[in-house]
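Student: This is the structure, below, for whatever I ask next.
What follows draws every value from the coordinates through simple rules; no lab data is involved. What you see is a predicted model; the values in this text were computed from it and never measured. Glycine gets a Cβ as well: all are built from the backbone with ideal geometry, and neighbour counts include every protein chain shown.
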Amino acid sequence: TRAKQLYALREVDPEERLGLVLSLKPLASAEGIVLDQELQPVAGASVFADMRGRLAGALRRSGQKELAPQIEATTDQEGVYRFDKLLDGTVYWGYVEADGLGASIEEFTAQSGAVMQLPELMLSPVPPAAD
């Protein structure tokens, strides 16, 4: 049979006997940088990691707060951001929004063990709306 990866979403009493075996993995972290079209860091940009797949829907419906299906970070003065509490092996869409700049999206799979270095998120000016 194929092994399934499970994550504990709530605290479990270690003395309580359950009828299944859980294999828990450590949470993952990832960081990256946001740059503009001149390759300059973008400070104060909102960066998001959106969980993909069935687990994301289950977390949204559960209302629990420990593991969010969407994680938000803000870039520092050097354009650097960091996501924590990512589920190992889970696919996320990373995207960024900043005033006057267009969004950029990258897909990544979280891997625990060390802080993952994500690809640069590049922003460009939003063209003016046509009249």
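Student: Given the Cα-Cα distance of Arg61 and Gln111 and 0.36 nm per residue of separation, how much length would full extension add, in nm? Don't jump to the answer; show the numbers that get you there.
Tutor: Working: separation 50, 0.36 × 50 = 18.00 nm, distance 2.48 nm.
Here the segment from Arg61 to Gln111 would lengthen by 15.5 nm.
Student: Show the residues, 5+ positions off or on another chain, whose built amide H is closer than 5 Å to the amide H of Ser104.
Tutor: The answer is Val96.
Student: FRET efficiency for Thr74 and Leu24, Cβ-Cβ distance as r, R0 = 25 Å, nearest 0.05? Mind showing how you got there, number by number?
Tutor: Working: r = 30 Å, r/R0 = 1.19.
Rounded to the nearest 0.05, the efficiency is 0.25.
Student: Can you give the charge dipole size of the range 28-131 about its Cα centre, rounded to the nearest 20 debye, using +1 on the beta carbon of Lys and Arg and -1 on the beta carbon of Asp and Glu? It would help to have the intermediate numbers written out before the result.
Tutor: On the way: 7 positive and 16 negative charges, 148 e Å.
About 720 debye.
Student: For Glu15 and Glu31, compute 0.36 nm times the residue count separating them, minus their Cα-Cα distance, and round to one decimal in nm. Don't skip to the end; give the middle numbers.
Tutor: On the way: separation 16, 0.36 × 16 = 5.76 nm, distance 3.70 nm.
Once the chain is fully extended between Glu15 and Glu31, it gains 2.1 nm.
Student: Next up: Based on the alpha carbon coordinates of the range 28-121, what radius of gyration and maximum Cα-Cα distance (Dmax) apply, in Å?
Tutor: Here Rg and the maximum Cα pair distance are 13.3, 43 Å.
Student: Further question: If r is the Cβ-Cβ distance from Ala43 to Ala129 and R0 is 30 Å, what FRET efficiency results, to the nearest 0.05?
Tutor: Numbers: r = 26 Å, r/R0 = 0.87.
Result of the calculation: an efficiency of 0.70.
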